[in-house]
Amino acid sequence: MVKERARILVVGGGYVGMYTALRLQKKLKQELKRGEAEITVVTPDPYMTYQPFLPEAAAGSISPRHVVVPLRRVLDHCHVVIGEAESVDHAKRTATVRTLATEEEGTGARQLTYDELVLAPGSVSRTLPIPGLADHGIGFKTVEEAIGLRNHVIEQMDIASSTRDPGIRDAALTFVFVGGGYAGVEALGELEDMARYAARYYHNIRPEDMKWILVEATGRILPEVGEELGRYTVTELRRRNIDVRLQTRLESCADRVAVLSDGARFPTRTVVWTAGVKPHPVLAATDLPRNGRGRLTCTPQLTVEGTTHAWAAGDAAAIPDVTAEEPGAECAPNAQHALRQARLLGDNIAHALRDEPIETYAHKYAGSVASLGLHKGVAHVYGRKLKGYPAWFMHRAYHLSRVPTFNRKARVLAEWTLSGLFKREIVSLGSLEHPRAEFELAAGGKPSQDPPDNPKGSS
């Protein structure tokens, strides 16, 4: 039983935010019923996105609605506020939050007060001041971006199939991915696989007509799976005629021309930016301590160092890795740690409210898995290295076991089963991104946004 009524504010509805709130629901069930505790979750989206499934969603192997988890259904004992936390004044125990309602009302941001704070806003794409990137670059962190990229790739194939201009055709069939980490390699592998399959339904496009280019600033890709499997991945991608350029940077993509640091120039209509992430901007608008990389300085117990009643985990937190041999090591900001940290974080907050001892987070890294397209992958788990189909199968099995809720597990498994029995879906619904464009034109107005390359979509 808690000593007094506790107001818990969770900033972020991603992996850490959702699982922490879910754990608190379970641990404080009686206190919530008696009104001795309340949990508020502030999140910009009403769902949690399971990001490891974004590449498969982009490739059409999984429906986009099955890679997200509705927060209001899962967190039925929490107060879910859809909005952005703009700043936190922990000394005063207040957070400034801007919601859709405050924008409509014109009342500005609202203040939320709390007793216990959980900061789990995640991360945002780390971009560089590259000419043309803001105008032409495509990110790959959200389900909207993943589905938008799928639509875009198929629409480029439609353009290439119907144009008589060889320059336009070449640019439409050139796809540049910047960043050799998980997001970039998996997105490239899945989309290339999908596009190669889709090419059989175009009378004048062959797989070898398409150029797929991976640009990585360092000398290796997928560092999480180890050097040997990283080299294997490069070999496997190049065997598929994917142009892998290591120790190369994107210097410009202005005027729809990708200019690389090695002097190469590629006219292209597709530049996908997956070159890393950075802490969410809200962390800089708090009075809590941060390290040199902008992440919150935390203890192994998941508290924010030097403060009380403030907790953090996941991408936003620099948490010491007590299992590492080298001093000063921190837990990697990945889903494997985030899930386990969130569960312990929920437990520790419940312990603290009840004046019970809190626990130390300790998890030895188990390994990594990565998909390179249908039936292709790499894995390095508990010292064992797998390639090809076994690694791909392990990738699916691992992430199926980790995707939240039995409902989503069953739906994803059903879709995988059906995709094994029937042909791939190669439908583009680009018009979904601008649903009012056609009606506005029919009504004599101007579209509120630029219409997509192919407003009708294709099949």
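The values are calculated or read from the model by the stated rules, or taken from the named source; none is laboratory data. Because the structure is predicted, anything quoted here is derived from the model rather than measured. Quick reminder, even Gly has a Cβ in these numbers, built from the backbone with ideal geometry, and neighbours come from all protein chains shown.
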Being more than 27 Å from residue 331 (Cβ to Cβ), in contact with a helix residue (DSSP H, G or I) (Cβ under 8 Å, 6 or more places away or on another chain) and charged (D, E, K, R) is the filter here, so list the residues in the stretch 212-255 that pass it.
240
(1) among the small types (Gly, Ala, Ser); (2) farther than 16 Å from residue 238 by Cα; (3) modelled with pLDDT under 95: which one isn't true of residue 180, the others all being true?
(2)
Unmet requirement for residue 276, which otherwise passes all of (1) surrounded by fewer than 17 Cβ atoms within 10 Å (Cβ to Cβ); (2) farther than 30 Å from residue 97 by Cα
(2)
All but one of (1) touching a strand residue (DSSP E or B) at 6+ places or on another chain (Cβ under 7 Å); (2) at pLDDT 90 or above; (3) more than 25 Å from residue 285 (Cβ to Cβ) hold for residue 340; which doesn't?
(1)
Being in contact (Cβ under 8 Å) with a residue 24 or more places away in the chain, in a strand (DSSP E or B) and surrounded by 16 or more Cβ atoms within 10 Å (Cβ to Cβ), is that true of even one residue in the stretch 201-212?
yes
Taking into account only those residues within the stretch 258-307 that are β-branched (Val, Ile, Thr) and in a loop (DSSP other than H, G, I, E, B), which is nearest to residue 334 (Cα to Cα)?
274
Of all residues being β-branched (Val, Ile, Thr) and touching a helix residue (DSSP H, G or I) at 6+ places or on another chain (Cβ under 8 Å) in the stretch 171-199, which is nearest to residue 369 (Cα to Cα)? Just the residue, please.
185
Report whether or not residue 186 is surrounded by 18 or more Cβ atoms within 10 Å (Cβ to Cβ) and at pLDDT 90 or above.
yes
Step by step: first the residues of the stretch 111-157, then only those that are under 19 Å from the mean Cα position of the chain (by Cα) and assigned to a strand (DSSP E or B), then the one that is surrounded by the fewest Cβ atoms within 10 Å (Cβ to Cβ). Which residue is that?
124
Restricting attention to the stretch 158-180, report how many residues are free of Cβ contacts under 8 Å to residues at least 60 places away in the same chain and either among the charged types (D, E, K, R) or closer than 14 Å to residue 268 by Cβ (or both).
6
Segments classed as strands (runs of 3 or more DSSP E), wholly inside the stretch 1-110, with at least 3 members that are crowded, with 24+ Cβ neighbours inside 10 Å:
6-11, 37-43
Cβ-Cβ under 9 Å pairs, at least 6 apart or on other chains, the stretch 280-292 side without any contact (Cβ under 8 Å) to a residue 12 or more places away in the chain and on the phi < 0 side of the Ramachandran plot, far side outside any loop (DSSP other than H, G, I, E, B) and among the charged types (D, E, K, R)
284/290
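One line per residue, one yes/no per condition, for (1) modelled with pLDDT under 95; (2) more than 25 Å from the chain's Cα centre (by Cα):
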site	(1), (2)
235	yes, yes
245	no, no
250	no, no
258	no, no
261	no, yes
276	yes, no
280	yes, no
Name every residue in the stretch 344-386 that is surrounded by fewer than 18 Cβ atoms within 10 Å (Cβ to Cβ) and among the charged types (D, E, K, R), in order of residue number.
354, 355, 356, 359, 364, 384, 385
Flag for residue 255 being part of a loop (DSSP other than H, G, I, E, B) and either assigned by TED's automatic domain parsing to the domain that holds residue 183 or farther than 25 Å from residue 208 by Cα (or both):
no
Working only within the stretch 328-357, note down all residues that are among the acidic types (Asp, Glu) and free of Cβ contacts under 8 Å to residues at least 60 places away in the same chain.
330, 356
Pair list, Cβ under 8 Å, 6 or more apart: the stretch 300-316 residue more than 22 Å from residue 336 (Cβ to Cβ), other residue assigned to a helix (DSSP H, G or I)
none
Filter result (assigned to a loop (DSSP other than H, G, I, E, B), closer than 21 Å to residue 96 by Cα and over 23 Å from the mean Cα position of the chain (by Cα)) within the stretch 308-324
308, 309
